[in-house]
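Note sheet for the following structure.
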Amino acid sequence: MKKRTFIKSFGAFSLIPFFNITSEVFDETSSIDSLKKISEEKELWETVRSHYKLNPEYINLESGFYNIIPSPTLNSFIDHVKRINYEGSFYMRNYLEKDKEEITDSLATLVGCKKDELIITRNTTESLDLIISGFPWMKDDEAIYADQDYGSMKQMFKQISKRHGVINKVISIPNHPKSDEEIVSLYENQISTKTRLIMVPHMVNITGQILPVKKICEMAHNNGIEVMVDGAHCIGHFNFKISELGCDYYGSSLHKWLAAPLGSGILYVNKKRISKIWPLIASYVEDKDDVKRLNHIGTHPVHNDLAILNAIDYLNWIGLNRKEKRLRFLQNYWTSALRNKSNIIINTPIESSRSCGIANVGVKGLSPSDLAKKLMLDFKIFTVAIDYANVKGCRITPNVFNTLEDIDQLILALKKISQST
């Protein structure tokens, strides 16, 4: 797949369609040569918003679960579905592996790692559960993770505890840490001679707090311990390179902030660690040092993978740094307006280095579920309630399609709700 296609009605990136099929199968009017570069911020975000078909019945401030796809990517994805259906087994036997190589190469460039240390998965849960379940555990080995970590991975740690006799040590991450050193010490204080693996959220999914992953990795490696990072919300959200973090394993979901189709994820495994991990599904690859050994999942919807390239192109059109700046701006816009208001609790750190687009807000005297219901029923604002692990509030995740008018509605709603409790 040396070329990719975007949608004509919205523009594309100076790319010719990567496959050559007659217009009897694909509508040629759906592709054009390029999306123009836009320097003016207002025009850019208005153009971006026009690429989304949004439900007018509510303001969507819950992009954290699934980040809906902009039309240029969505239409390309539909073309991929048509192509796979058109070519069938011919595609699978002649192009599947070649295309996967190109997709992996582009992803490795985006996330900052070597392509022979990266595989495409279906989501973060699959990526990290593969590591947890495939790690060579022995009885009485110890693992460390946080109460604020994602539930699916915590469940897998509980399973390997029952299966292998692993001892799990659970810390709690404060919503407002005083320093990086406070966070690092929470993990370090749980280390013993039996500790084998630490799981760390790059961004805490329920609050949006960004952890000092590089410092945690340095500390852990000084103690001879490996680190697995949950980066579910990070790829396509803010700019970083996996190679600079120093972690041993990194998993992420591409259907979140990269806005690839549902069922798209990655797993990074440091070259030195590949041979020790048992694959989730037995593979035909015999070389224990080949990361592809961990990537056998049988026949799967490859059109999802093909659209990853279109999602990367769309991100590059916006510019990752520009997107990060926008997401951080939207978050700071509403949290700054509410941090010192009576009865309102912001569960996300104020420091810019500790958050980006995601934040969490609560109202005193109101349960998170009731707050979410009020926001939706009274103000037509869709969010998600969080009520565990010292976090009580609604997670607010604006996207690039959200306007300041959307955020103003959130601010107004929370002020009104807080004044009535």
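Values quoted throughout were computed directly from the atomic coordinates according to the rules given, and no laboratory measurement underlies them. Bear in mind the structure is a predicted one, so any value in this text is a computation, not a measurement. Positions of Cβ are generated from backbone atoms using ideal geometry, with glycine treated the same way; all protein chains shown enter the neighbour counts.
Which one, Asn67, Cys356, Ala259, projects farthest toward the positive side of the charge dipole computed for the chain from Cβ point charges (K/R +1, D/E -1)?
With unit charges placed on the Cβ atoms, the residue in question is Cys356.
Stretched out fully, how many nm does the piece from Lys98 to Met138 gain, at 0.36 nm a residue minus the Cα gap? Working shown, then result.
On the way: separation 40, 0.36 × 40 = 14.40 nm, distance 3.87 nm.
This chain segment gains 10.5 nm when fully extended.
Calculate the spin-label point distance for Lys364 paired with Leu377, positioning each point 7 Å from the Cα along the beta-carbon direction, and give it in nanometres.
About 2.4 nm, to one decimal.
Can you check what the net charge comes to around Cys234, using other residues whose Cβ is under 12 Å from the Cβ of Cys234 (Lys, Arg +1; Asp, Glu -1)?
Numbers: positive: Lys241, Lys256; negative: Asp230, Glu324.
So the environment of Cys234 carries a net charge of 0.
Over 29 Å between Cα atoms, which of Lys178/Lys364; Lys100/Lys256; Lys114/Lys139; Lys53/Lys341 qualify?
Working: Lys178/Lys364 23 Å; Lys100/Lys256 20 Å; Lys114/Lys139 33 Å; Lys53/Lys341 34 Å.
Among Lys178/Lys364; Lys100/Lys256; Lys114/Lys139; Lys53/Lys341, the Cα-Cα distance tops 29 Å for Lys114/Lys139; Lys53/Lys341.
Please give every one of the aspartates and glutamates within straight-line cross-link reach of Lys37, meaning a C-alpha to C-alpha distance under 20 Å, and leave out same-chain neighbours fewer than 8 residues apart.
In chain and number order, the partners are Glu46, Asp313, Glu324.
Starting from 0.36 nm per residue, how many nanometres of slack lie between Ser192 and Asn343 once their C-alpha separation is accounted for?
Values: separation 151, 0.36 × 151 = 54.36 nm, distance 4.19 nm.
Fully extending the segment from Ser192 to Asn343 adds 50.2 nm.
Taking the alpha-carbon centroid of each part, what is the distance from region 380-403 to region 213-235 in angstrom?
26
Suppose every Lys and Arg Cβ carries +1 and every Asp and Glu Cβ carries -1, with no other charges. What dipole size does region 262-395 come out with about its Cα centre, to the nearest 20 debye? Write down the numbers at each step before the final one.
Details: 21 positive and 11 negative charges, 118 e Å.
Dipole magnitude for region 262-395 comes out near 560 debye.
Under a straight-distance cross-link criterion of Cα-Cα below 16 Å, which aspartates and glutamates are reachable from Lys292, leaving out those fewer than 8 residues away in the same chain?
Glu97, Asp99, Glu101, Glu102, Asp105, Asp116, Glu117, Glu126, Asp305
Assign unit charges at the C-beta atoms only (+1 for Lys and Arg, -1 for Asp and Glu), then state the dipole size of the chain relative to its Cα centre in Debye, rounded to the nearest 20.
Values: 53 positive and 49 negative charges, 130 e Å.
Taking the Cα centre of the chain as origin, the dipole is about 620 debye.
Under a point spin-label approximation (7 Å from Cα along Cα-to-Cβ), what is the Ser71-His164 distance to one decimal in nm?
Placing both labels 7 Å beyond Cα along the Cβ direction yields 5.0 nm.
How much length would be gained if the chain were fully extended between Ser336 and Ser353, taking 0.36 nm per residue of separation minus their Cα-Cα distance, in nm to one decimal?
Numbers: separation 17, 0.36 × 17 = 6.12 nm, distance 1.52 nm.
Gain in length upon complete extension: 4.6 nm.
Around Cys234, which amide H atoms from residues at least 5 apart in sequence, or from another chain, sit under 5 Å from its own amide H, with H modelled in the peptide plane?
Under 5 Å from the amide H of Cys234: Ser253.
Given a Förster distance of 35 Å, report the FRET efficiency between Val81 and Glu46 from their Cβ-Cβ distance, rounded to the nearest 0.05.
Details: r = 29 Å, r/R0 = 0.84.
E(calc), rounded to 0.05, equals 0.75.
In whole angstrom, note down how far apart the Cα centers of region 142-182 and region 297-342 are.
Answer, in whole Å: 27.
With label points built 7 Å along Cα→Cβ from the Cα atoms of Ser275 and Lys415, find their separation and express it in nm.
6.3
Please sort through the DSSP H helices of the chain and keep those with an alpha-carbon extent of at least 18 Å along the long axis and a Kyte-Doolittle average not below 0.0.
Sorted by number, the helices that extend far enough and score high enough are 302-318, 404-419.
Using the structure shown, list the pairs from Lys42/Lys325; Lys241/Lys271; Lys36/Lys323; Lys154/Lys215 with a Cα-Cα distance above 20 Å, or answer none.
Values: Lys42/Lys325 14 Å; Lys241/Lys271 16 Å; Lys36/Lys323 17 Å; Lys154/Lys215 23 Å.
Cα-Cα > 20 Å for Lys154/Lys215; rest within.
Can you list which of the GluC sites (Glu not before Pro) found in region 322-421 are DSSP loop residues with at most 14 other C-beta atoms within 10 Å? Intermediate values should be presented prior to the final figure.
Numbers: sites: Glu324, Glu351, Glu405; in loops: Glu351.
Within region 322-421, the qualifying GluC sites (Glu not before Pro) (loop, at most 14 other Cβ atoms within 10 Å) are Glu351.
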